[in-house]
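Since the structure comes first, as structure tokens, the remarks are kept for the end.
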Amino acid sequence: MKERRGRQIFITEFDLERLEDLIADFRAKTSRDARNLDELEQELGKAEVVSPKGIPPDVITMNSRVRLEDLGSGQATVYTLVFPADADVERGKISVLAPIGTAMIGYGVGDKISWAVPGGQKNLLVKEILYQPESAGDYHL
């Protein structure tokens, strides 16, 4: 799903706990998002868990605002990675359960994110972290 240039995926203890709760809640309610839940669970299983103060400032965490570049078109887009209840595509707020959201979590500046879409493969480059809660000292958003 994603390409990584030899660096580890990182996630904070707090985000891991909230995401594991989210997965459990969604599994209990519906099987509709089972594939996305499985993919998110796989990504979390590969992640190095660190304290909020220990997360590198160039890594996408929950509520991070990032600039991604579409490697096919060269177009840059800004997204904020959020929990499903806060998702609003028109405002660039992408759910962690959406395929692109699952693809973003834990990756950093310079990483290439690839995932399957109906028309083939989508490839994005993480260009910039515009806001990361942990580096801003916002540990409990």
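We did not get these values from a lab; they are worked out from the coordinates using the rules stated. No experiment lies behind these values; they were computed from the predicted model shown. So basically every Cβ, Gly included, is an ideal-geometry build from the backbone, and we count neighbours across all protein chains shown.
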>> Counting only pairs 8 or more residues apart or on different chains, how many lysine pairs in the chain have their Cα atoms under 25 Å apart?
In response: 18
> Using θ = phi - 60° and the Karplus form 6.51 cos²θ - 1.76 cosθ + 1.60, what ³J(HN,Hα) does each residue of segment 69-85 get, whole Hz, x for Gly and Pro?
Replying inline: 10, 6, 6, x, 9, x, 6, 9, 9, 9, 10, 10, 8, 10, 6, x, 5
>> Among DSSP bridges having both ends in the chain, what percentage is antiparallel? Round to the nearest 5.
In response: 75
> How many percent of DSSP beta bridges within segment 70-141 run antiparallel, rounded to 5?
Replying inline: 75
> Once fully extended, how much extra length lies between Arg18 and Glu48, figured as 0.36 nm per residue of separation less the alpha-carbon to alpha-carbon distance?
Replying inline: 9.2 nm
> Relative to the Cα centre, what is the charge dipole magnitude of the chain, using +1 at the beta carbon of each Lys and Arg, -1 at the beta carbon of each Asp and Glu, and rounding to the nearest 20 debye?
Replying inline: 400
>> Students often get this wrong: which residues of segment 91-114 have the backbone nitrogen under 17 Å from the point 7 angstrom along Cα-to-C-beta of Arg27?
In response: 97
